[in-house]
Amino acid sequence: MQAPVQSSSVIKSSLIEPDGGVLVDLVVPESERGAKTAEAESMPRVKLTKIDVEWVHVISEGWASPLKGFMREDEYLQSLHFNSLRLKDGSIVNMSLPIVLAIDDETKEGIGSSSDVGLVGPDGDLIAILRSIQIYKHNKEERIARTWGITAPGLPYVEEVITPAGNWLIGGDLEVLKPIKYNDGLDHYRLSPKQLRKEFDKRQADAVFAFQLRNPVHNGHALLMNDTRRRLLEMGYENPILLLHPLGGFVKADDVPLDVRMEQHSKVLEDGVLDPETTIVAIFPSPMHYAGPTEVQWHAKARINAGANFYIVGRDPAGMGHPTEKRDLYDPDHGKKVLSMAPGLEKLNILPFRVAAYDTGAKKMAFFDPSRAKDFLFISGTKMRTYARTGENPPDGFMCPGGWEVLVKYYESLQAEDATQQPAVVSS
């Protein structure tokens with residue numbers, strides 16, 4: 001039997017070039033690891049936090065292409081003030097979040113006049129080399145004000161990362177001694193941009209639409225994703241593939257942990273709410289800033305590097321409640337407006353989605369119809385967590401039963417944990 005002729009006009013997902021034209025890959029080839037590790041042993045050391053390691057992972061796989069290491073001062077200032085970097089050829093790439101490494105006075109002193117340093121993980125293992133380093137001042141207040149637009153107390157990333165950090169930043173070129181692994185049973189989901197591009201091509205995708213999330217998937221999300229696929233088919237694409245891309249780095253304490261979310265997402269595919277044939281579930285290794293319109297640009301830019309040419313954006317992306325006042329920190333419509341105008345994101349197709357809510361008449365998630373607003377119920381993440389914690393079921397059709405069960409079990413385990421930690425009351 002004759003093999004089918006391969007069409008030379010197959011549209012590849014790698015149609016969308018990575019920023020800078022080449023996907024950065026900073027993991028040292030296996031053949032050089034021994035020599036590089038031996039060299040790193042003799043260098044001054046910088047100890048990394050768990051979140052610093054997440055950033056090493058992000059940079060090493062090219063999510064931040066064309067960035068080749070932690071930012072030096074000129075890159076930091078461009079990112080902080082312009083949300084973008086100007087390349088040598090004069091072109092602009094988006095870079096809305098500073099990706100930096102902080103050190104304290106003692107570490108700075110220990111580095112002395114060395115031009116290279118070894119980066120050591122929380123467990124003491126050498127994980128990378130930072131070369132041709134530059135050390136410069138870490139003005140925390142300016143960084144916070146420009147990234148978040150406020151300096152109020154209670155910003156999760158600030159409290160976890162920036163406040164306790166040192167007063168210096170160290171930039172340089174990164175060489176990562178071996179691929180970053182977490183050994184948490186989820187590494188098989190952590191596909192690099194290079195691996196994702198290969199997978200899109202293997203599936204012969206002619207459009208890839210990315211959906212960034214840090215919450216469990218409910219049927220409203222599924223409606224938006226399935227509707228996006230329908231729209232792309234109507235536009236003439238033949239095989240649009242969904243990249244369901246939950247964030248896997250640092251999240252605030254009351255967010256659902258990654259392992260629970262991944263289990264919930266797999267139930268959504270098992271229950272057929274999303275089609276496994278046209279969906280790729282992978283973990284995006286970045287930490288979360290909750291910096292609204294500034295951060296959503298980073299989320300979109302990273303997906304360009306992963307090979308997505310469409311990006312779905314909804315209400316209040318990367319937002320949170322104001323830390324000291326009873327209101328949203330950002331205008332919920334600004335994220336999608338900013339994305340459609342952001343410098344360096346012109347090649348990415350932004351797909352703003354319509355608002356979905358629970359239709360009490362149809363007993364399912366549906367697109368909100370303002371003409372019968374009273375029939376719709378908005379179930380927030382907070383409300384969803386309250387349902388799960390109290391054991392109360394959400395309305396039928398809000399989430400697939402398998403996915404809901406995963407959440408209920410998680411909240412039950414939290415309550416059991418709390419109960420064991422309560423001090424015993426001794427009655428007299």
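How big is Rg to Rh over region 82-155, alpha-carbon atoms, Rh as the Kirkwood inverse-mean-distance radius? Walk me through the numbers on the way to the answer.
Details: Rg = 15.8 Å, Rh = 15.3 Å.
Here Rg/Rh amounts to 1.03.
Of G21, A222, A302, which is farthest along the charge dipole of the chain in the positive direction, counting Lys and Arg as +1 and Asp and Glu as -1 at C-beta?
Most positive-ward Cα: A222.
Could you state the number of Å between the C-alpha centres of region 68-84 and region 113-148?
Going from one Cα centre to the other spans 13 Å.
Rg and Dmax in Å for region 279-390, alpha carbons only: what are they?
16.1, 46
I want to verify the translational diffusion coefficient of region 30-176 in µm²/s; compute it with Stokes-Einstein, Rh as the Kirkwood radius over Cα pairs, at 20 °C and 1.002 mPa s.
After rounding, the answer is 134 µm²/s.
If Lys and Arg each add +1 and Asp and Glu each add -1, what is the summed charge of the other residues whose beta carbon sits under 15 Å from the beta carbon of Q212? If you can, show how the numbers build up before the last one.
Numbers: positive: R214, R261, K301, R303, R315, K336; negative: D255, E295, D316.
Residues near Q212 contribute +3 overall.
In a shell of Cβ-Cβ distance under 11 Å around Y358, excluding Y358 itself, what net charge do Lys and Arg (+1) and Asp and Glu (-1) give? Show your work: numbers first, answer last.
Working: positive: K363, K364, K383; negative: D359, D375, D396.
Cβ neighbours under 11 Å give a net charge of 0.
About the Cα centre of the chain, what is the dipole size in debye to 20, counting +1 per Lys and Arg Cβ and -1 per Asp and Glu Cβ, all else neutral? Display every interim value, and only then the final one.
Working: 48 positive and 59 negative charges, 197 e Å.
Dipole size: approximately 940 debye.
Kindly provide the Kirkwood hydrodynamic radius of region 199-305 in Å, to one decimal, from all pairs of distinct alpha carbon atoms.
Values: mean 1/r = 0.0684 Å⁻¹.
For region 199-305, inverting the mean 1/r across all distinct Cα pairs yields 14.6 Å.
Report the relative contact order of the chain, percent, no decimals, based on alpha-carbon pairs under 8 angstrom and at least 6 residues apart. Before the final figure, lay out each step's value.
Values: 763 pairs, mean separation 76.0, N = 428.
Result for the chain is 18 percent.
Of all the accessible heavy-atom surface of region 30-176, with the other protein chains kept in place and a 1.4 Å probe, what percent is carbon and sulfur?
Details: 3000 of 6470 Å².
Carbon and sulfur: 46 percent of the exposed surface of region 30-176.
Looking at I241, A253, Y189, which one has the Cα that reaches farthest to the positive end of the dipole of region 120-268 (charges on Cβ: Lys, Arg +1; Asp, Glu -1)?
Working it through, the farthest residue towards the positive pole turns out to be I241.
Charges on Cβ only, +1 for Lys and Arg, -1 for Asp and Glu, centred on the Cα centroid of region 30-176; of A35, A64, L87, which one is farthest towards the dipole's positive end?
So the residue furthest toward the plus end is L87.
Please report the relative contact order for region 22-106, taking Cα pairs under 8 Å with a sequence separation of at least 6, and give it as a percent rounded to a whole number.
Numbers: 73 pairs, mean separation 23.6, N = 85.
For region 22-106, the relative contact order is 28 percent.
Tell me the per residue accessible area of the chain using a 1.4 Å probe; a whole number in Å² is fine. Don't jump to the answer; show the numbers that get you there.
Details: 20230 Å² over 428 residues.
In whole numbers, the chain has 47 Å² accessible per residue.
Counting only GluC sites (Glu not before Pro) that sit in a DSSP loop (anything but H, G, I, E, B) with at most 16 other Cβ atoms within 10 Å, what is the longest stretch of the chain containing none of them? Could you put the intermediate results ahead of the total?
Working: sites that count: E238, E325, E346, E392.
With a cap of 16 other Cβ atoms within 10 Å, the longest stretch comes to 1-237.
Mind jotting down the distance between the C-alpha centroids of region 345-387 and region 186-252, whole Å?
Centre-to-centre (Cα) distance: 19 Å.
For region 30-176, what relative contact order do you get, as a whole percent, if you take Cα pairs closer than 8 Å and at least 6 residues apart? Don't skip to the end; give the middle numbers.
Numbers: 233 pairs, mean separation 47.1, N = 147.
It rounds to 32 percent for region 30-176.
Provide, as a two-decimal number, the C-alpha radius of gyration of the chain over 2.2 N^0.38 Å, N being how many residues it has. Mind dumping the intermediate values first?
Values: Rg = 22.8 Å, N = 428, 2.2 N^0.38 = 22.0 Å.
Relative to the rule-of-thumb radius for its length, the chain sits at 1.04.
Where Lys and Arg each count +1 and Asp and Glu each count -1, what net charge lies around P401 among other residues with Cβ under 15 Å from its Cβ? Spell out each step's value before the answer.
Numbers: positive: K267, K363, K364, K409; negative: E263, E270, D271, E392, D396, E405.
Around P401, the surrounding residues sum to -2.
Quick check: residue separation of L87 and R45 times 0.36 nm, minus the Cα distance between them. What number comes out in nm? Mind dumping the intermediate values first?
Numbers: separation 42, 0.36 × 42 = 15.12 nm, distance 3.03 nm.
Additional length available on full extension: 12.1 nm.
The values are calculated or read from the model by the stated rules, or taken from the named source; none is laboratory data. The structure displayed is predicted, hence computed values, not measured ones. All Cβ positions, even for glycine, are placed from backbone atoms using ideal geometry, and neighbour counts span all protein chains on display. Protein only, heavy atoms only, side chains kept; ligands, DNA and RNA dropped before computing areas. Shrake-Rupley method; radii C 1.70, N 1.55, O 1.52, S 1.80 Å.
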